[in-house]
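The values are calculated or read from the model by the stated rules, or taken from the named source; none is laboratory data. Everything numeric here is computed off the predicted structure, so don't read it as measured data. Cβ coordinates were reconstructed from backbone atoms using ideal geometry, including for glycine residues, and neighbour counts include every protein chain displayed.
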2 protein chains.
Amino acid sequence: MGGGTTRTPRRRPLTRARVLRAAAEVADRSGLAGVTMRSVADVLGVEAMALYRHVSGKNDLLDALVEAVVEEINEACAADDTPADPDDWRPALRRRILTARAVLQGHPWAPALLGSHGTMSPALLRYFDRFGSILRRAGFSMDTAHHALHAFGTRALGFSSELFQPGSPAIEETEADPEAALADLAALSAELPFIAAMVGHLSHEAASTIGWCDDQAEFEFGLDLLLDGLELRRSR
Amino acid sequence: MGGGTTRTPRRRPLTRARVLRAAAEVADRSGLAGVTMRSVADVLGVEAMALYRHVSGKNDLLDALVEAVVEEINEACAADDTPADPDDWRPALRRRILTARAVLQGHPWAPALLGSHGTMSPALLRYFDRFGSILRRAGFSMDTAHHALHAFGTRALGFSSELFQPGSPAIEETEADPEAALADLAALSAELPFIAAMVGHLSHEAASTIGWCDDQAEFEFGLDLLLDGLELRRSR
DNA sequence: ACCTGAACACCGTTCAAGT
DNA sequence: ACCTGAACACCGTTCAAGT
């Protein structure tokens, strides 16, 4: 029973990589708001100030965190990058975007972080370079390829910032009381005729699906809208 | 010189509206991060705790702030809402979105706030109801109209979350030293051929414009891409 | 009724001190 | 060299106390 290793594994030296992994762990468990210098240090069995040796501050930590996620996307997309036939730009781009989406689904906090800390970083530049190259090889003009990158926005990385959620508390809250819900719907149809009709239309078919809307299907619909528009401009 | 009004105008009673106006004022001046219970109270010549009588907490304050902005958008869009000819859905939608964009340009902090506090509120429901109604009147199916709302995402409200900024520090930082910039561009074209070509292409025409990219033009390009895609689905 | 003071449990970050 | 303790200037929020 000599001085064996203690329960807290402080022996391994602290590294930037370990700090980032700890931060990702906290984010996965407690959300982005839970990521705190002190909470990250806790995971590592260390005091908050020890982190400052490997990270210049919280901003740097979060920047590095989003960079790591984008790197993960780049690796996932590296496999099938260049379409054999340049004319296959559409399925190539589509697959790339849906691969990025799949990676982000493993890190629910990443989209918000990309929004606030998404400056143009090396990993992001690499991602958009591959993205634009596919378009150029397919014969798109430089201008159109450039515009396309802007047009996709965050959708190029597999997520879309939506505000529109038909299954919102404002609509669902009275679900427990069917009569009140009907009265609400009546009041709704006076002031919000389209929303009311849509909710009525949805509830007829929603029995089969889990929620009101299928996020993946909605995402792909928007994606195809953009791809169609792009197709029209290919030879302009 | 009797007890006239003091310099600090505390006499007017505190109201929810005054609290919200003060918060917007702080946001306009110091950005979203500057909006603090204490800073808002300061503007009103009052202690932070006095706000809790009119606002249930900071979350409530921010929710109310975005609600006010969306109301402003709704008012701005109320003028020319229903197209005379239902077939004019495209210009009607386009105008609506660009009007929303113009309103948001007066509140630079609003997009970020819509992202974090954009739950489906009464004002937002009203906005999307008008939006969807235009589509329905034009003959779009309920499904397509519903999908369209998702597809536009925040773009329906006049802004797009972009990550792609060609004029980023990574590219521009060596601008002061032309030789180093050229060396960087050479290194860039090895690893980032598309980005390098695009930057070269941009700098030839950028002399006429202010920055690298014209935000408004890029926004409208993406908007028209989506409208084109929607047009294709009109009669499906 | 309306506002304030003092306090609590948090933040990020600094700096001198420990080992 | 690497980590810690104590401290600073902030947060949002509570609660009893003032007027």
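Tabulated data
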| read-out | value |
| --- | --- |
| Members of region A:123-156 that are more than 7 Å from chain B (Cβ to nearest Cβ) and under 28 Å from residue B:113 (Cα atoms) | A:123, A:127, A:148, A:152, A:155, A:156 |
| Residues (farther than 19 Å from residue B:73 by Cα and modelled with pLDDT of 95 or more) located in region B:151-172 | B:151 |
| Residue in region B:36-48 that is nearest to the chain's Cα centre (by Cα), counting only those that are within 7 Å of DNA strand D (Cβ to nearest atom) and of a type outside the set (Gly, Ala, Ser) | B:36 |
| Every residue from region A:206-229 that is at pLDDT below 85 and facing chain B (nearest Cβ under 9 Å) | A:213 |
| Single condition residue B:67 does not satisfy, out of (1) crowded, with 20+ Cβ neighbours inside 10 Å; (2) in contact (Cβ under 8 Å) with a residue 24 or more places away in the chain | (1) |
| Top-ranked residue of region B:28-50 - restricted to ones that are without any contact (Cβ under 8 Å) to a residue 24 or more places away in the chain and away from DNA strand C (no atom under 15 Å from the Cβ), ranked as farthest from the other protein chains (Cβ to nearest Cβ) | B:29 |
| Some residue of region B:51-58 being within 14 Å of chain A (Cβ to nearest Cβ) and either more than 16 Å from DNA strand C (Cβ to nearest atom) or at negative phi (or both) | yes |
| One residue from B:98, B:51, B:104, B:149 being surrounded by 22 or more Cβ atoms within 10 Å (Cβ to Cβ), away from DNA strand D (no atom under 16 Å from the Cβ) and part of a helix (DSSP H, G or I) | B:149 |
| Criterion violated by residue A:33 - all others in (1) modelled with pLDDT of 95 or more; (2) surrounded by 11 or more Cβ atoms within 10 Å (Cβ to Cβ); (3) not β-branched (Val, Ile, Thr) satisfied | (2) |
| Single residue of region B:63-75 satisfying the filter (closer than 20 Å to residue B:28 by Cα and more than 14 Å from chain A (Cβ to nearest Cβ)) that is nearest to DNA strand C (Cβ to nearest atom) | B:64 |
| Test result for residue A:78, within 14 Å of chain B (Cβ to nearest Cβ) and within 13 Å of DNA strand D (Cβ to nearest atom) | no |
| Given (1) part of a loop (DSSP other than H, G, I, E, B); (2) at pLDDT 95 or above; (3) among the hydrophobic types (A, V, I, L, M, F, W, C), number of the condition residue A:120 does not satisfy | (2) |
| Matching residues in region B:27-48 - criterion: being within 19 Å of residue B:114 (Cα to Cα) and part of a helix (DSSP H, G or I) | B:27, B:28, B:29, B:30, B:32, B:33, B:34 |
| Check on residue A:84, more than 16 Å from DNA strand C (Cβ to nearest atom) and within 14 Å of another protein chain (Cβ to nearest Cβ) | no |
| Residue under evaluation residue A:17, criteria (1) at pLDDT 95 or above; (2) in a loop (DSSP other than H, G, I, E, B), criterion not met | (2) |
| Residue satisfying all of: in region A:176-188; more than 10 Å from chain B (Cβ to nearest Cβ) and surrounded by 12 or more Cβ atoms within 10 Å (Cβ to Cβ); modelled with the lowest pLDDT among these | A:181 |
